[in-house]
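Worksheet for the structure shown next.
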Amino acid sequence: MADIKPPTASEPNASSIPKGEVPVDAKAAKPLKPPNPMWKYLGFGENFRPKLPSRNWTIFLTITGSFTAAVIYDKREKKRAQRKWCKLVEHIAKEPLDARSMPRKLTVFLEGPPTDGLRVAQDHFKDYVKPILVASGLDWEFIQGRKEGDVRAELAERIRNSRTPPEQRTEEDIVVETRRKSGIKEFDGPRGDIVLGRHTWKEYIRGIHEGWLGPLTEPPKPVEEKPSEDTKEKETIETLPGITLLSEPREADALPPAEDKTPKSDDKAKKPAQPAPFISVSAYATAPSPPDLPMELDPSIPISFPHILGFLNTPKRLYRFLNRRVLADSIGRETAAIILSTYRPYHTTSNPSSELPSSFTSEEADGDTQNGASNASAVPQTAEQQTALIQEEKEWHKSTRVRVDGEPERTWLEPVILDPRIASRMRRSELTPEDEARARKIVVPEEEIEGWIKGGIRSLGREGIRLLGFGKEKSKPVVGDGEDVLE
């Protein structure tokens, strides 16, 4: 006979539960309602039940959604700012051109930023400057450089060629010769120079001074004196005690070993180095003024090119990535000014020296002198040409500031030195108050900046309204002399 275990105090007796009441466990075991069959027809399965995301999913979706919204908003506002400046200059593309004269052409100066390549500068031009130029219908040409000194040498060479009389030119451009024979005139008026970045701006200033103040031909290089035969070192050879012989080195021994002229497959063709400047900065004051120096040089505009590298600078780079609309608006204004050809002289004085970067302070200049650098970086920069985009030098990589003994002139590290004859003739493009007021009145429609998703939904809705016949005004029947039958 099995033993019957008496119920304990924690286990209530089944006989003590009144009739009509269901235990709590029995309520929890009650089957759930079947899910809505709509989810099954939508392909979510038979047991799909919508629910709120978990805590981790909520955090992930909040962060990614906020970042995505910030990127989309910045992209839309960047496009809106660019469209505003495009509308300001698009009337130039509709102006008629003379068939017997060349149109106006701008010059764009590009150079790879310090410790980076030329592709970065090209992408910056394509994203911020090119849309405004395309809307204006103007033509442009490039002066590009891959390393320090390329832009300076190319610009100086162009200025020297323009100063050389046609009969003294050794090489004549076939295209220019054909235009001259056909009676096509060159554009008579201010053109315009667009310079991207502080590093390119420094070489632009240096190239202008070298082209106008320097000689037309390359100055002769100093010839190194070779030791004569009488001054050859004689070797002393001691053969026996008390007997010495003096011998001169043979010519065969003095010559270097013959080089192997067989081409190697792993050798890469390197671009030749640019020639040294035809005139030094210290010779500006003594250089004569050329007779063909114009009263006004072509207007120029330095375009901001913020570029910073390094893992520790990721927060700053991320902030700039989410605020590209501000940069697009600033560059659009400056590009529109050079397109509209409104300019003024450069100011002789600009920001105080307190806003200059640390590379122009006397303390760091003394420290650089100990490392082999010149003390010329302590020269104060006060003119507008000298302080243009000077804040970008703070973000240059430290490897750019390393000097090597015996290296040629470093335009990026030297301060901007101006000659009064050139500085007074330079012009800076700037919008007039009338153009600024006209730009503020421009309203960019939403349809010009919306993405393909919103644009597709908008066009689909309009197509549906058109097919359904909504939004059309019903015509009133007219009889006789035009009296309306229905009011």
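Per residue, how much accessible area does the range 25-135 show when a 1.4 Å probe rolls over the protein heavy atoms, in square angstrom?
Per-residue value: 69 Å².
Taking amide hydrogens as modeled 1.01 Å from N in the peptide plane, which residues meet the under 5 Å criterion relative to E111, leaving out close sequence neighbours?
G145
Measure off 7 Å from each Cα along the Cα-to-Cβ vector at K147 and T342, then give the distance between these two points in nanometres to one decimal.
Placing both labels 7 Å beyond Cα along the Cβ direction yields 4.3 nm.
Given a Förster distance of 35 angstrom, what is the FRET efficiency for A285 paired with I184, based on the Cβ-Cβ distance and rounded to 0.05?
With R0 = 35 Å, the Cβ-Cβ based efficiency is 0.30.
In the range 392-433, what GluC sites (Glu not before Pro) fall in a loop by DSSP, with at most 16 other Cβ atoms inside 10 Å?
When the GluC sites (Glu not before Pro) of the range 392-433 are filtered for loop state and at most 16 Cβ neighbours within 10 Å, E409 remain.
Using a Förster radius of 56 Å, what is the FRET efficiency between V175 and K454 based on their Cβ-Cβ separation? Nearest 0.05, please.
Approximately 0.75, to the nearest 0.05.
Of the chymotrypsin sites (Phe, Trp or Tyr not before Pro) in the range 36-143, which ones lie in a loop per DSSP and count no more than 14 other C-beta atoms within 10 Å?
Here the sparse-neighbourhood loop sites are F44, F48.
Normalised by the number of residues in the range 40-170, what is the relative contact order in percent for Cα pairs under 8 Å and 6+ residues apart?
In percent, rounded to a whole number, it is 23.
Give me the one-decimal nm value for the distance between modelled label points at I308 and E167, 7 Å along each residue's Cα-to-Cβ direction.
5.9 nm
Are there GluC sites (Glu not before Pro) in the range 149-216 that DSSP puts in a loop and that have at most 16 other Cβ atoms within 10 Å, and which ones?
Listed in order of number, the matching sites are E171, E172, E186.
Of D188, D419, D292, which has the most accessible area with a 1.4 Å probe, and how do the rest follow in descending order?
The ranking, largest first, comes out as D188, D292, D419.
Probe 1.4 Å, all protein chains in place: accessible area of R410 in Å², nearest 10?
That residue has around 30 Å² of solvent-accessible surface.
Can you classify the range 373-461 as rounded, prolate or oblate using the Cα gyration tensor, where a ≥ b ≥ c are the square roots of its eigenvalues, rounded means a/c under 1.5, and otherwise it's prolate if a/b beats b/c and oblate if not?
Taking the square roots of the gyration eigenvalues as a ≥ b ≥ c, the range 373-461 is oblate.
Roughly how big is the range 32-142's charge dipole about its Cα centre, with Cβ charges of +1 (Lys, Arg) and -1 (Asp, Glu), in debye to the nearest 20?
760 debye
Using each residue's phi in the range 386-401, evaluate 6.51 cos²θ - 1.76 cosθ + 1.60 at θ = phi - 60° and report the 3J(HN,Hα) Karplus result to the nearest Hz, with x for Gly and Pro.
Couplings: 7, 9, 5, 6, 5, 5, 6, 5, 5, 9, 5, 5, 5, 5, 5, 8 Hz.
Rounded if a/c is under 1.5, else prolate if a/b beats b/c, else oblate: with a ≥ b ≥ c from the C-alpha gyration tensor eigenvalues square-rooted, which is the range 139-222?
oblate
Quick one: Karplus J couplings for the range 66-74, per residue in order, coefficients 6.51, -1.76, 1.60, θ = phi - 60°, nearest Hz, x for Gly and Pro?
The phi angles translate into 5, 5, 5, 5, 5, 5, 5, 5, 5 Hz.
Once you put a point 7 Å from the Cα of D292 and another 7 Å from the Cα of F67, both along the Cβ direction, what distance in nm separates them?
Each label point is offset 7 Å from its Cα along the Cβ direction, giving 5.8 nm.
When the Karplus curve 6.51 cos²θ - 1.76 cosθ + 1.60 is applied with θ = phi - 60°, which whole-Hz ³J(HN,Hα) does each residue of the range 328-337 get, with x for Gly and Pro?
Computed from phi, the couplings for the range 328-337 are 5, 5, 5, 5, x, 5, 5, 5, 5, 5 Hz.
The values are calculated or read from the model by the stated rules, or taken from the named source; none is laboratory data. As the structure is a computational prediction, the values presented were derived from the model and not from experiment. For neighbour counting, all protein chains shown are included, and Cβ atoms are generated from backbone atoms with ideal geometry for every residue, glycine included. Just so you know, the surface numbers come from the protein's heavy atoms only, side chains and all, with ligands and any DNA or RNA stripped out. Shrake-Rupley method; radii C 1.70, N 1.55, O 1.52, S 1.80 Å.
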